[in-house]
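Worksheet: one structure, shown below.
The values are calculated or read from the model by the stated rules, or taken from the named source; none is laboratory data. Bear in mind that the values here come from a model prediction, so they are computed numbers and not experimental data. Here the Cβ is made from the backbone with ideal geometry for all residues, glycine too, and neighbour counts use every protein chain on show. Quick note on the areas: whole protein, heavy atoms, side chains included, nothing else; ligands and nucleic acids left out. Shrake-Rupley method; radii C 1.70, N 1.55, O 1.52, S 1.80 Å.
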Amino acid sequence: MDEASRPSAIAGYEDWPDYVRDRPRHTAADLRGQELADALGVPERSGLPEVSVHWEETYDGVTTSQLSWQLGFGPRTTGWLVRPAGRSGSLPGVLALHCHGGNKFGGADRLVELPVNHPSAAAARAGHYDGRALATETARRGFAVLAHDSFAWGSRRFDLSTPPWRTASALEARRAQWRQNGVVPSEADDYNAAAGFHEDTIAKTAGLLGTSLAGMVAYDDLAALDILAAMPGVDSSRLGCIGFSGGGGRSLALAALDGRVRASVVACMMTTFESLLPVYLDAHSWLLQTPGLWKLGDWPELTTRAAAATFLVQYALADELFPEDGMRQAHRKLESLHPGTRYTGSFWPGGHVFTSAMQDEALDFLAATLEPSSTDPHQHLLGTP
């Protein structure tokens with residue numbers, strides 16, 4: 001096969017190498033955050049993107065706006081800003097971070113109630129979020145919430161219509177299995193199968209460029225945090241983030257990389273690295289397994305790099321992706337690292353699902369941590385209204 005007929009390994013992102021290769025690293029607030037930025041290879045951003053508003057609708061107590069912006073490379077990003085309807089004044093801001101879920105066809109649409117939801121978003125919501133639209137529910141609690149598609153998901157996905165040969169070979173084997181089983185895959189099923197195989201190619205390309213899948217996702221998340229903080233009616237001194245599974249890992253990383261994050265919810269994404277070996281490692285994507293990350297410390301220890309954030313970490317006792325011993329060891333380590341009120345851990349029955357009860361606890365935590373008095377301890381003491 002000559003070069004002219006060989007499919008692109010990074011279709012839709014051919015401008016990614018030139019953007020990233022010689023770009024400086026993200027500048028963190030302190031040395032510990034900088035060490036993480038360097039380990040993940042998070043590129044520096046190009047300034048605040050120009051945001052377009054495509055539509056806005058108010059229903060069921062919230063106002064939802066579809067936004068988009070162009071980062072320095074790759075496809076345009078789609079995001080949704082969700083706010084409580086009819087509320088005036090400044091609101092705390094929350095970044096809602098979608099999970100990995102093996103579903104890259106969609107992204108943040110699984111977190112938002114939309115006039116028409118794609119079936120893949122509805123399936124992800126039913127399977128992982130107890131049927132709830134997390135971003136919309138968070139907005140109903142009095143927050144301005146931004147949910148965005150991250151690098152390689154949804155609007156930011158790679159073009160796999162003509163997959164590179166390794167992906168194509170694996171995908172054909174999956175299609176043959178579907179045919180044998182009488183399964184007719186949807187467009188989303190077919191894409192997600194290809195994207196699962198293609199993640200190795202993305203990680204390989206990122207490593208060659210001196211970054212990582214997690215570092216590129218963090219780049220997109222930091223840009224979204226910039227946009228949220230600059231939104232009219234958002235109090236940039238009261239910012240938090242919430243995520244389940246891969247979104248929980250993103251929530252931890254974002255808090256460590258940016259001191260503006262005051263509250264971080266990490267749901268079903270906490271254990272020790274050692275507990276993943278030897279049998280649990282293959283259950284996880286490249287989003288968790290950045291080469292060399294362990295040299296900075298264990299996964300729970302990365303919370304100490306978030307100087308300004310308070311953490312709620314939720315564990316599911318029957319989580320298929322993490323051994324219970326590893327989760328309990330991480331909990332003990334976090335308690336020793338944060339002996340005051342900066343860490344709360346809670347254990348829940350059930351498997352790898354962000355249940356309604358867990359979400360309620362998470363939203364109570366965000367409300368308590370990001371309320372006005374939490375940013376000004378003198379306000380309550382002085383009885384200031």
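Here L257 meets each of (1) open to solvent by 40 Å² or more (accessible area, probe 1.4 Å); (2) over 22 Å from T341 (Cβ atoms); (3) among the aliphatic types (A, V, I, L, M); (4) touching a Gly at 6+ places or on another chain (Cβ under 7 Å) with one exception, condition (1).
Within the set of pairs 6+ apart or on separate chains, which have a first residue in segment 330-355 that is within 15 Å of V313 (Cβ to Cβ), a second that is among the hydroxyl-bearing types (S, T, Y) and in a loop (DSSP other than H, G, I, E, B), and C-beta atoms under 7 Å apart? From residues that are within 15 Å of V313 (Cβ to Cβ), the pairs are A330/T271; A330/T272; W348/T355; H352/S245; F354/Y129.
Restricting segment 23-33 to residues that are outside any loop (DSSP other than H, G, I, E, B) and in contact (Cβ under 8 Å) with a residue 40 or more places away in the chain, which is surrounded by the fewest Cβ atoms within 10 Å (Cβ to Cβ)? Going through the qualifying residues, I end up with R32.
Mind checking which strands (runs of 3 or more DSSP E) fall wholly inside segment 34-147 and carry at least 2 residues that are small (G, A, S) and crowded, with 19+ Cβ neighbours inside 10 Å?
Values: elements: 51-59, 62-69, 77-84, 91-97.
Fully inside segment 34-147 and qualifying: 91-97.
Selection of first residues in segment 202-220 that are in contact (Cβ under 8 Å) with a residue 40 or more places away in the chain and of second residues that are of a type in the set (D, E, K, R) and not in a helix (DSSP H, G or I), restricted to Cβ pairs under 6 Å at least 6 apart or on distinct chains, gives the following pairs, ordered by first then second residue: L209/R21. When the residues of segment 265-306 are filtered to those that are more than 15 Å from Y343 (Cα to Cα), part of a helix (DSSP H, G or I) and among the acidic types (D, E), the one that is nearest to the chain's Cα centre (by Cα) is D282. Within this structure, T310 passes the test of being touching a Lys or Arg at 6+ places or on another chain (Cβ under 7 Å) and either open to solvent by less than 50 Å² (accessible area, probe 1.4 Å) or touching a residue at least 12 places away in the same chain (Cβ under 8 Å) (or both). Entry remark, segment 343-373: residues being surrounded by 17 or more Cβ atoms within 10 Å (Cβ to Cβ) and either touching a Cys at 6+ places or on another chain (Cβ under 7 Å) or in a loop (DSSP other than H, G, I, E, B) (or both) number 4 in total. Identify, please: which residue in segment 260-284 is of a type in the set (S, T, Y) and open to solvent by less than 30 Å² (accessible area, probe 1.4 Å) and is, among those, farthest from R328 (Cα to Cα)? Among them, the one singled out is S264. Taken over segment 168-191, the criterion of being assigned to a helix (DSSP H, G or I), hydroxyl-bearing (S, T, Y) and under 27 Å from the mean Cα position of the chain (by Cα) is satisfied by Y191 alone.
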